[in-house]
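Here is the structure we will look at, set down as structure tokens.
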4 protein chains.
Amino acid sequence: MNTIGFAMRLTLFGSSHGPGVGSVLDGCPSGVPITTETIQREVDLRKPAPGIGTARAEEDIVQVQSGILEGRTTGAPIQFFIANKDSDSSKYQAFRVTPRPGHADYPALVKYGPDHDMRGGGQFSGRMTAPLVAAGAVAKSMLVTKGVRIAAYSQSIGKVTDDKERSFSEISENRFNHSTRAADSRVAARMEREILAAAKDGDSVGGIVRCLVDGLPVGVGEPFFDSLDAELAKMMFAIPAVKGVDFGAGFRSTKMRGSEHNDPFKIVNGQVTTVTNHAGGILGGLSDGMPLDLRVAFKPTASIAKEQWTVDLKRKKDTIIKVQGRHDPCIVPRAVVVVEAAAALVIADLSLRGGFFAR
Amino acid sequence: MNTIGFAMRLTLFGSSHGPGVGSVLDGCPSGVPITTETIQREVDLRKPAPGIGTARAEEDIVQVQSGILEGRTTGAPIQFFIANKDSDSSKYQAFRVTPRPGHADYPALVKYGPDHDMRGGGQFSGRMTAPLVAAGAVAKSMLVTKGVRIAAYSQSIGKVTDDKERSFSEISENRFNHSTRAADSRVAARMEREILAAAKDGDSVGGIVRCLVDGLPVGVGEPFFDSLDAELAKMMFAIPAVKGVDFGAGFRSTKMRGSEHNDPFKIVNGQVTTVTNHAGGILGGLSDGMPLDLRVAFKPTASIAKEQWTVDLKRKKDTIIKVQGRHDPCIVPRAVVVVEAAAALVIADLSLRGGFFAR
Amino acid sequence: MNTIGFAMRLTLFGSSHGPGVGSVLDGCPSGVPITTETIQREVDLRKPAPGIGTARAEEDIVQVQSGILEGRTTGAPIQFFIANKDSDSSKYQAFRVTPRPGHADYPALVKYGPDHDMRGGGQFSGRMTAPLVAAGAVAKSMLVTKGVRIAAYSQSIGKVTDDKERSFSEISENRFNHSTRAADSRVAARMEREILAAAKDGDSVGGIVRCLVDGLPVGVGEPFFDSLDAELAKMMFAIPAVKGVDFGAGFRSTKMRGSEHNDPFKIVNGQVTTVTNHAGGILGGLSDGMPLDLRVAFKPTASIAKEQWTVDLKRKKDTIIKVQGRHDPCIVPRAVVVVEAAAALVIADLSLRGGFFAR
Amino acid sequence: MNTIGFAMRLTLFGSSHGPGVGSVLDGCPSGVPITTETIQREVDLRKPAPGIGTARAEEDIVQVQSGILEGRTTGAPIQFFIANKDSDSSKYQAFRVTPRPGHADYPALVKYGPDHDMRGGGQFSGRMTAPLVAAGAVAKSMLVTKGVRIAAYSQSIGKVTDDKERSFSEISENRFNHSTRAADSRVAARMEREILAAAKDGDSVGGIVRCLVDGLPVGVGEPFFDSLDAELAKMMFAIPAVKGVDFGAGFRSTKMRGSEHNDPFKIVNGQVTTVTNHAGGILGGLSDGMPLDLRVAFKPTASIAKEQWTVDLKRKKDTIIKVQGRHDPCIVPRAVVVVEAAAALVIADLSLRGGFFAR
């Protein structure tokens, strides 16, 4: 359903082409400093970049209608509303009969029946992540008061991969300087070319968002099932187009020997640290004090301009469609701030549960 | 915490070296046919194989103390208890001071303090998956009544990878014929050698479990957040040693074009199907009628016989330990039935939520 | 926190004197017929009646911003927003120092600190029930499609008690004909005088709302803990000013013998019924097919015009306050539709859980 | 379902005549001092008293199989198991056809079908409260470490009512000195006669358990829906035979004026207190620092020796049954420790949520 989190809970509502999209963030402690400007700035980071993003031009003005008073949270639920302004629903009714490949159309029609709101993907739209980012801004602000910071970037887009190991501060400083959300100018240029090439072909590309979290205290996570990795993975897979998640060495760890993979502990400046971070900051589902290191795999955007085979559900026969509309040739750059917000919400929730924040 | 699921909920309890481990499965409809023998058979599939598994010899006799009467579920919570018989706690007290690399010891000590049960990893032990498998047997039985079947196998162990595309029935028939849980004899032999080579070195290897689900109806999953992939991922990451999860083309999809990745719909025998299955049976977080296809990455076993650097928490200095005890050089073969049980529990839960089972 | 329900969940947000109040109803099946007019009509029934209600004049226009399209639910979350128009916050800052007796002021200040939104009671305001009523309209409409109907009335106000046993249809037809929500004109007149007498004294009165539910199928409720009575009671106690809940013979049953209290079963027109209904339609936490019969006790409104002793929290000494503002001398009449909505939400949720509605 | 609580969760399992009954308590912080002896002592207080209780003689030996080590909680789930020893199922099969008035038999058969475990009421049995009491012992012990103490007593049994206002310490000291759980010897004698008179008639009586909680900090409760009263009420209504719950002046408050009901604040020894406690220690769903005061109404035991009218579900006709078996003529005395345990579990949970306990 449309609520996630435990001690701090996010509820989403709205749809791509209805009056708007919004969210309610419940359980945030009172007294967290947060302004509408900060929230708006985060939501703006999710907007499509000229050239490489969709032509749909949403203002995405965030209205805060509950829970924040004079720049601080009151302890009541916080509500965000973002009106839809530039929706064009004219082209979607056809998909009730000829569902788009790679989209939720077909199973959604089976599940919800004829009353399913098909316009723009309805409740399955990537637009649902806008109010998630607004809520994430509050979670980030809350975490910063304890020294926990989050930074994600585009680690790969299509066949362009950024293999370089990068420090948290490097990522943190650079990621929003490039419309591709690359951590480095040279990689950014190559990624931009990759996206434009796909767009020119009426096609799309995917990629990987890597997310680091710095300053996490030891012991965040609630085993057995609400472990730090399990909760993060659940949240990430809720983001549309995500097809894979791993932590630290992740899938690569399957080819390592234990003696290579185990991160040796070491005292550095009186603190327990590990020499390597193959575990990605998580041991036994708990944060171990090292930076959290998470990768999220995004498939190429399902909406492409090319002709595609689909079926006519009425006549029960194969047919070809051409999906009109305005779409991103690559969703990865816009997803970077979404992954950050998603991570912030999970970590804030688990930190509250673990007693790292006073109510 | 130790409960997962919504309409059908699993609660785990126990610890590696306490009186035993167990689980409670709540919300199972009445009338599901299930015998103690079936449950025991599944739990036995999790036992270590001679040669490639741990020397700890647990009988793992499952006692069902609630919820099943005369071979059928009653609608009351089902409880399983598996006594610990062969635990040897003598070697674990040292890890309170010198935590084992790759294990939960260090963050668990920080989180739970001196009362944390350290013996055998306590509540973080892989042994907690035994009662999960018992509960999974009920979920499997429930799903089979609707034609939903699950089969997993070792797709890779260390550097041995089974690249061949395999049919559901091939996997289903072969997977438990080999102690490595490979889907094929030749691969099995190579995987066994890979494990034995690591064991001989006092080392360990990881691998990938791939899990297929056949016969799933269309529309299983509860978006936005309780989608089929999100719920499966959360459950899988709760299994100890899991470091990655992906669906269908998963991480590979990040390098594909949309025109290549989108699965074209096609009518086959009057049914809506897709030509390819890059989506792994999931669109928009809902099952789409194609086989669910999920990969779970396991890191190499953290317990190895080699000397390792760690820290002495009392003296705040680096030191070397050698982890004694009886351990699996590779956990992957034993994890195959665990992944199946985990998948069965999630799918049974979401199927109940979606109304695919009457209460 | 601000979410209740399981398969169908209500989340409240807003505060008495902020931009507005609202709610999100998630999990409602698609295809439920419901219009904005129906929702508005229910919310209007909660408005204060001239003479016996508060002078605060809120228009209470309900905006539906998600989940309803062309007169039917879509399956997506339904969102309601009601702007605050006539709030006057000028008089509330004083209560930070001198909390009002009978209100949440004092414990809320301790719990939330200086950032607590004190204006009009903030998130503790009875105004939070307006969006609950909006959501209840959808639940009622959903239940009606299965023949389940709900009717509540003022059974007592102050010392005026309506002792007469009344049929469901009598209550259903009359309850909204009288501003006191009495089930009978003569009682209504006496109740009105009771309220006016209190108002004239600058004082307030309480009362009892009785709620009947007709047409409930057998077996609604999810024991052990989510039983029909437990879930209803939880919801009712969340309504501000509620101090007691009982079912059927309720507190009176404590003085009965078992032979008197047990409702004998009887076949009537081929149906299993009971001769009496001391159980109030609930056996073992499950609906038994007889009308649900529930009483909710409301304390007298805490806001009164009389002088009252309180404490000065800064100076730590006793002092006298006079609470200004516009208040209801009796909340019971306005609470009748709230109790109905609350009951509808719980029953719709448990009916979904029990499989009485298809998704 | 069979789990209640949020930060600290109780899961029940078992049935009246199966292998046993048990519970899992999850979320209890590590380091709470608790011995098996303390737990056993509490469970023993639930046993029937000779003469006034049932003849079913259960030893009720509590086995703790998880979560407690060397007299302290470890932070892992705590599990309790109590074997059934003296069950006699011979007489229950008949009730599948002729359900007992006042029992769950009829709706349970409709809900769960022929696989419902009918023996001794199955999962609806009052015996399910034994493992609840065991868990409550841990919650009590946890609360005592913060100075929170709980004491309940039989305030009325049948027509014998204890009208006297009694102090917490008087109740606390006396309640378990009398088999009726009266707070005073003279009342105890009258209550005992009331029970014996009913028993002699083959009949039963009900009564009221009043429960006080002393030492509760200010601000316990999580509005809007998880308020202190709402959570307590839900838990209490889950206890079999409960038909009403109120707080403080409760139902009596409906006949009071606001000026009479509002509890004036007063500084006593530098502390904020109230002069009266009509609110029962709860304002706005939050504890206000005064003693929590809660009344729970129990109906007369449904099982009576007298002949009763019921229906034959097969032949669809009315018939007479005589319920054999061993039953309590009054459940109230045994319920006193159950109410205490239930209150302790709710308060411990909400205290954890409110940050009054460190994890």
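Being buried (at least 24 other Cβ atoms within 10 Å of the Cβ), at pLDDT 95 or above and not in a helix (DSSP H, G or I): is that true of C:VAL220 here? So C:VAL220 passes the test. For region A:6-104, the strands (runs of 3 or more DSSP E) that sit wholly inside it and include 2 or more residues that are over 30 Å from B:THR274 (Cβ atoms) and within 14 Å of chain B (Cβ to nearest Cβ) are A:9-14, A:20-26. Within region D:298-345, being at positive phi and in a helix (DSSP H, G or I) holds for no residue.
For region C:114-132, the set of residues classified as surrounded by fewer than 24 Cβ atoms within 10 Å (Cβ to Cβ) and either within 9 Å of chain D (Cβ to nearest Cβ) or among the charged types (D, E, K, R) (or both) consists of C:ASP115, C:ARG119, listed by residue number. Within region D:98-111, residues that are at negative phi sit with their Cβ atoms under 7 Å from residues that are part of a loop (DSSP other than H, G, I, E, B) and β-branched (Val, Ile, Thr), at 6+ positions apart or across chains, in these pairs: D:ARG100/D:VAL323; D:PRO107/C:VAL218; D:VAL110/C:VAL218. A count restricted to region D:133-171 and to residues that are without any contact (Cβ under 8 Å) to a residue 24 or more places away in the chain, among the polar types (S, T, N, Q) and either assigned to a helix (DSSP H, G or I) or buried (at least 20 other Cβ atoms within 10 Å of the Cβ) (or both) stands at 1. Which one of these does B:GLY102 not meet: (1) within 30 Å of D:ARG96 (Cβ to Cβ); (2) in contact with a helix residue (DSSP H, G or I) (Cβ under 8 Å, 6 or more places away or on another chain); (3) small (Gly, Ala, Ser)? Unmet condition: (1). Take B:ALA238 and tell me if it is under 22 Å from A:ARG252 (Cα atoms), among the hydrophobic types (A, V, I, L, M, F, W, C), within 12 Å of chain A (Cβ to nearest Cβ) and surrounded by fewer than 23 Cβ atoms within 10 Å (Cβ to Cβ). Considered against the rule, which asks whether it is under 22 Å from A:ARG252 (Cα atoms), among the hydrophobic types (A, V, I, L, M, F, W, C), within 12 Å of chain A (Cβ to nearest Cβ) and surrounded by fewer than 23 Cβ atoms within 10 Å (Cβ to Cβ), B:ALA238 comes out as no. Within region B:305-338, the residues that satisfy the criterion of being within 16 Å of B:ALA104 (Cβ to Cβ) and not small (Gly, Ala, Ser) are B:GLN308, B:THR310, B:VAL311, B:LEU313, B:ILE321, B:VAL323, B:HIS327, B:ILE331. For region B:143-164, the set of residues classified as away from chain A (no Cβ under 14 Å), closer than 18 Å to B:VAL339 by Cβ and touching a Ser or Thr at 6+ places or on another chain (Cβ under 8 Å) consists of B:LEU143, B:VAL148, B:ARG149, B:ALA151, listed by residue number. Looking at D:GLU42, D:GLU70, can you tell me which residue is over 28 Å from C:LEU228 (Cβ atoms), modelled with pLDDT under 95 and acidic (Asp, Glu)? It is D:GLU70. Regarding B:LEU350, is this residue in contact (Cβ under 8 Å) with a residue 12 or more places away in the chain, more than 7 Å from every other protein chain (Cβ to nearest Cβ), under 21 Å from A:ILE239 (Cα atoms) and assigned to a strand (DSSP E or B)? In short, no. For region B:270-302, the set of residues classified as surrounded by fewer than 24 Cβ atoms within 10 Å (Cβ to Cβ), under 20 Å from the mean Cα position of the chain (by Cα) and not charged (D, E, K, R) consists of B:PRO291 only. Please find, within region C:250-268, the residue that is surrounded by the most Cβ atoms within 10 Å (Cβ to Cβ) out of those that are of a type outside the set (Val, Ile, Thr) and more than 7 Å from chain D (Cβ to nearest Cβ). Taking the candidates together, the pick is C:ARG252.
Considered as a group, the residues in region C:315-348 that are over 20 Å from C:VAL296 (Cα atoms), charged (D, E, K, R) and at pLDDT 90 or above include one that is surrounded by the most Cβ atoms within 10 Å (Cβ to Cβ), and that residue is C:ASP318.
Out of region B:100-146, which residues are in contact with a Lys or Arg (Cβ under 6 Å, 6 or more places away or on another chain) and of a type in the set (Asp, Glu)? B:ASP115, the sole residue that qualifies. Considering only residues that are within 9 Å of chain A (Cβ to nearest Cβ) and closer than 30 Å to B:ASP246 by Cα, look in region B:314-332 and name the one that is nearest to the chain's Cα centre (by Cα). It comes out as B:VAL332.
Any residue at all in region C:182-205 that's at the interface with chain D (Cβ under 7 Å from one of its Cβ atoms), under 21 Å from the mean Cα position of the chain (by Cα) and either closer than 26 Å to C:ALA104 by Cα or outside any helix (DSSP H, G or I) (or both)? Checked region C:182-205: at least one residue is at the interface with chain D (Cβ under 7 Å from one of its Cβ atoms), under 21 Å from the mean Cα position of the chain (by Cα) and either closer than 26 Å to C:ALA104 by Cα or outside any helix (DSSP H, G or I) (or both). Right, B:ALA230: touching a residue at least 60 places away in the same chain (Cβ under 8 Å) and either touching a His at 6+ places or on another chain (Cβ under 9 Å) or at the interface with chain A (Cβ under 7 Å from one of its Cβ atoms) (or both) or not? Criteria not met by B:ALA230. For region B:54-98, filtering for residues that are under 30 Å from B:LEU313 (Cβ atoms) and among the polar types (S, T, N, Q) leaves 7. A count restricted to region A:185-201 and to residues that are more than 19 Å from A:PHE298 (Cβ to Cβ) and either of a type in the set (A, V, I, L, M, F, W, C) or in contact with a strand residue (DSSP E or B) (Cβ under 9 Å, 6 or more places away or on another chain) (or both) stands at 1. For region A:83-113, the tally of residues that are surrounded by fewer than 24 Cβ atoms within 10 Å (Cβ to Cβ), of a type in the set (A, V, I, L, M) and touching a strand residue (DSSP E or B) at 6+ places or on another chain (Cβ under 9 Å) stands at 4. The sole residue among D:PRO50, D:PRO107 that is of a type outside the set (A, V, I, L, M, F, W, C) and out of contact with any Gly (no Cβ under 6 Å at 6 or more places or on another chain) is D:PRO50.
The residues in region A:275-313 that are at pLDDT 95 or above and either more than 9 Å from chain B (Cβ to nearest Cβ) or out of contact with any helix residue (DSSP H, G or I) (no Cβ under 9 Å at 6 or more places or on another chain) (or both) can be counted, and the count is 13.
The values are calculated or read from the model by the stated rules, or taken from the named source; none is laboratory data. For clarity, every value in this text was computed on a predicted model and none was experimentally measured. Note that we place each Cβ from the backbone using ideal geometry, even for glycine, and neighbour counts take in every protein chain shown.
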